[in-house]
Amino acid sequence: MNLSSDIDFQLQDEIAMIKLNRASKRNALNDELVDSIRQIFENLPKQAKVAIVYGSGDHFCAGLDLSEIKERDAPEGMFHSRSWHTALDRLQYGPVPVIAALHGAVVGGGLELASACHIRVADESTFFALPEGTRGIFVGGGGSVRIPKLIGVSRMMDMMMTGRVYKAQEGERVGLSQYIVPTGSSLDKALELAKRIASNAPLTNYALMHALPRIAEQASDHGFLTEALMSSITQSAPEAKKRVRDFLEGHAAKVQA
Ligand code: 1HE
């Protein structure tokens, strides 16, 4: 891999740790960083079972590096947007679930990156915004497809038309994050969740990442059939049979309230 020096990639046991490391520019994403995200998710080591994306400094990510769009013409702009689509597609439909550990600004392309992840953990310093509207531009990193799936078209339209900023609590309430934790602890929570996810059967994680979002977009009768196929494939795996047997024999944890 030929990674930008503004991103750190490390494997901590089964967890791939991906840190945006450009705090002086609030982790704004330039072309090299976007391409590095693509490379990392195309080349994850086999040992990795979960990934965590997080940011250095006071903010998760300030979005697109605005210094890069000054000189772009329309075709270059389109291919640039497509490069984000490719990188975030590799993340969303890659081999492992990805958790975004959020703090500070999660804005513009930063929210597009977070919305491609499977789980978002926000700490209380987090705020979400889509300042593209006020900069005279539009989302280009897949935000118009992914963000309405989290919060609905009307809330996204409001964010872009009025510059509305959602603070952490409100963001969790409307669905921008699934978890909210005290300031400074989003990475710890993400690690805790990552360990739980890593203990799932890999085929279940695969079905959740690759089948569930597609089923949600299928017509119901197609969705039911896809679900039946996925259900039978996961059940037939030896690991699933062992896990069910362990429960029936009293060796597996019960669901705790
Ligand atoms: C940047 C960027 C950036 C900071 N591109 N350089 N995103 C935005 O419109 C958000 C723009 N950023 C901000 O509103 C603020 O920087 C923050 C709220 C995120 C953080 O504020 P603060 O006070 O901590 O930092 P700062 O003083 O504003 O910025 C520190 C430096 O980072 C400064 O550079 P310096 O050389 O003067 O030190 C800033 O210029 C630089 N910086 N954000 C470039 N985004 C695929 S399409 C996606 C479309 C978008 O994402 S558009 C939305 C872009």
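Each reported figure results from applying straightforward, stated rules to the coordinates on display, with no laboratory input. Here the structure is a predicted model, which is why all the values come from computation and not from measurement. Because the Cβ atoms are built from the backbone with ideal geometry, glycine has one as well, and the counts that use them run over all protein chains shown.
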Completion exercise
Computed over segment 137-257, the distribution of all Cα-Cα distances in 5 Å bins, rounded to whole %, is 2, 8, 12, 14, 15, 17, 14, 10, 5, 2, 1, 0
Problem - Distance in nm between pseudo-label sites at GLU239 and GLU192 (7 Å out along the Cβ direction from Cα) - result: 2.4 nm
Problem - Positive-end residue, segment 202-248 charge dipole about Cα centroid, Cβ charges, pick of GLN218, ALA240, MET230 - result: ALA240
Handout entry: Neighbour-count order for SER177, SER125, fewest beta carbons within 10 angstrom listed first
Key = SER125, SER177
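Taking the Cα centre as origin and putting +1 on Lys and Arg beta-carbons and -1 on Asp and Glu beta-carbons, what dipole magnitude results for segment 141-248, to the nearest 20 debye?
180 debye
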Handout entry: Computed [θ] at 222 nm, helices only, for the chain once each DSSP H run of length n ≥ 4 contributes -39500 (n - 2.57)
Key = -14000 deg cm²/dmol
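Any chance you could run the full-extension gain for PHE138 through SER5? It's 0.36 nm times the residue separation minus the Cα-Cα distance, nm to one decimal.
45.1 nm
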Practice task
Would you please give the FRET efficiency between ARG173 and VAL153, computed as 1/(1 + (r/R0)^6) with r the Cβ-Cβ distance and R0 = 22 Å, to the nearest 0.05?
Solution key: 0.80
Problem - Theoretical gain in end-to-end length, GLU71 to LEU212 [0.36 nm per residue, Cα-Cα removed] - result: 46.8 nm
Problem - Highest-first arrangement of 11-22, 87-98, where packing means the average Cβ count within 10 Å - result: 87-98, 11-22
Problem - GLU249-ALA201 FRET efficiency (beta carbon distance; Förster radius 22 Å; 0.05 resolution) - result: 0.80
Completion exercise
Taking every other residue with Cβ under 9 Å from the Cβ of ALA101 and scoring Lys and Arg +1, Asp and Glu -1, one gets 0
Practice task
Only helices at least 20 Å long along their axis, Cα-based, and averaging -0.5 or more on Kyte-Doolittle count here, so list those DSSP H runs from the chain.
Solution key: 220-236
Practice task
Would you mind pulling out the separation of the Cα centroids of segment 129-149 and segment 23-81, in Å?
Solution key: 15 Å
Fill in the blank from the handout: Put in order of increasing Cβ neighbours within 10 Å, starting from the fewest, VAL121, VAL255 give VAL255, VAL121
Problem - For the chain, the Rg and Dmax computed from alpha carbons only, in angstrom - result: 19.0, 66
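Once you list every other residue whose beta carbon is under 10 Å from the beta carbon of PHE41, what net charge do they have if Lys and Arg are +1 and Asp and Glu are -1?
0
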Problem - Size of electric dipole in the chain: Cβ of Lys, Arg +1 and of Asp, Glu -1, about Cα centre, debye, nearest 20 - result: 560 debye
Practice task
Work out how much length MET161 to LEU225 would gain on full extension: take 0.36 nm times their residue separation and subtract the Cα-Cα distance, in nm to one decimal.
Solution key: 19.1 nm
